[in-house]
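Participant: So that we are looking at the same thing, I have put the structure below in structure tokens.
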Amino acid sequence: MEAATSRQNRTGGLRRFLGTRRGSLTVATVAAALAAIALVAYLNNYKEDVRGGTLPTQVLVADRLIPKGTSGDSVATDRIFRPTTVPQADLKPLAVADAAALSSKVATRDIYPGQQITSADFRVGGDALRGRLSGTQRALAVPVDAARGLIGNVRVGDRVDVFGSFGGGAGGAGALRTIAQDVLVLSAPGVAGADGGGGDASAVIVRLSDQQSARMAYAADNGKIWFALRPPTGAEQSKPATVTGGSVAAPTNAAGGGAG
């Protein structure tokens, strides 16, 4: 009984003390001292981690093989990386922590799964062809003569529409069909031909889808290819057309006609 009464008296006294201004100041002082001790301990551990090279740092590592020639934009878009943390002592020089740092660059070597990705592995203009391809895109060399392929006029980075002309065999009617529109030129000869006659065959490398590549290859083997240069900005396009002798000879639609 007396022990219980004594505990109650001590508890009540503590409550009364804490309710005073002096009690509140004492509690605040003790709490601040404990927080300072915890902060000092944390800073000491942090310094030890830095000196020991164990401070974890976030980097990007290859999630699967990144072949030489892969564009940095493809690495970011297809997420062929994963973020991870490594001790600072294991951090590679120029290690990349943000995939945005790879924009407009191309891998200059194979990067294997689990390897850290560094900015030294990528550079601008590393591969003019492979760096511009991803997914179902393909680079195809199209043999064209100087006139039909705009050789000497079409340049890398231009956009063209591509037509295939097929002659009618055994009395059949010929036709010209739109094979692809808004096609990116990846590589083009700089001159029209050594003799200047415009008849020499040259190859223009263009970027197509895998299905367009098959149609283009067939057209190049079995007909004639024409390139039409598109405006550098603000280009518009109509529905892909098929043109025959009959459609050319038909009267011009007033709404669709007009000077080029």
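Here, each number is a calculation from the coordinates, and none is a lab measurement. Only a predicted model underlies this, so the values are computations on that prediction, with no experimental measurement involved. Don't worry about glycine lacking a Cβ; one is built from the backbone with ideal geometry, like all the others, and counts go over all protein chains shown.
Participant: Sort 211-217, 80-86 for me by packing, meaning the mean count of neighbouring Cβ atoms within 10 Å per residue, highest on top.
Facilitator: Per-residue mean Cβ counts within 10 Å order the peptides as 211-217, 80-86.
Participant: Sticking with this one: If each residue of separation counts as 0.36 nm, what is the full-extension length gain between Gln88 and Ala31 once their alpha-carbon separation is subtracted?
Facilitator: Contour length minus Cα-Cα distance gives 17.1 nm.
Participant: Calculate the FRET efficiency for Arg148 and Thr233 from the Cβ-Cβ distance with a Förster distance of 41 Å, rounded to the nearest 0.05.
Facilitator: Calculated transfer efficiency: 0.95.
Participant: Could I ask something else about it? Please give, to one decimal in nm, the separation of the simple spin-label points placed at Arg21 and Asn222, each 7 Å out from Cα toward the Cβ.
Facilitator: The modelled label-to-label distance comes out at 10.1 nm.
Participant: How far, in nm, would the chain grow between Ser247 and Gln58 when pulled straight, counting 0.36 nm per residue and subtracting the alpha carbon separation?
Facilitator: That works out to 61.7 nm of additional length.
Participant: How high is the FRET efficiency between Ala97 and Ala41 when r is their beta carbon distance and R₀ equals 22 Å, given to the nearest 0.05?
Facilitator: 0.20
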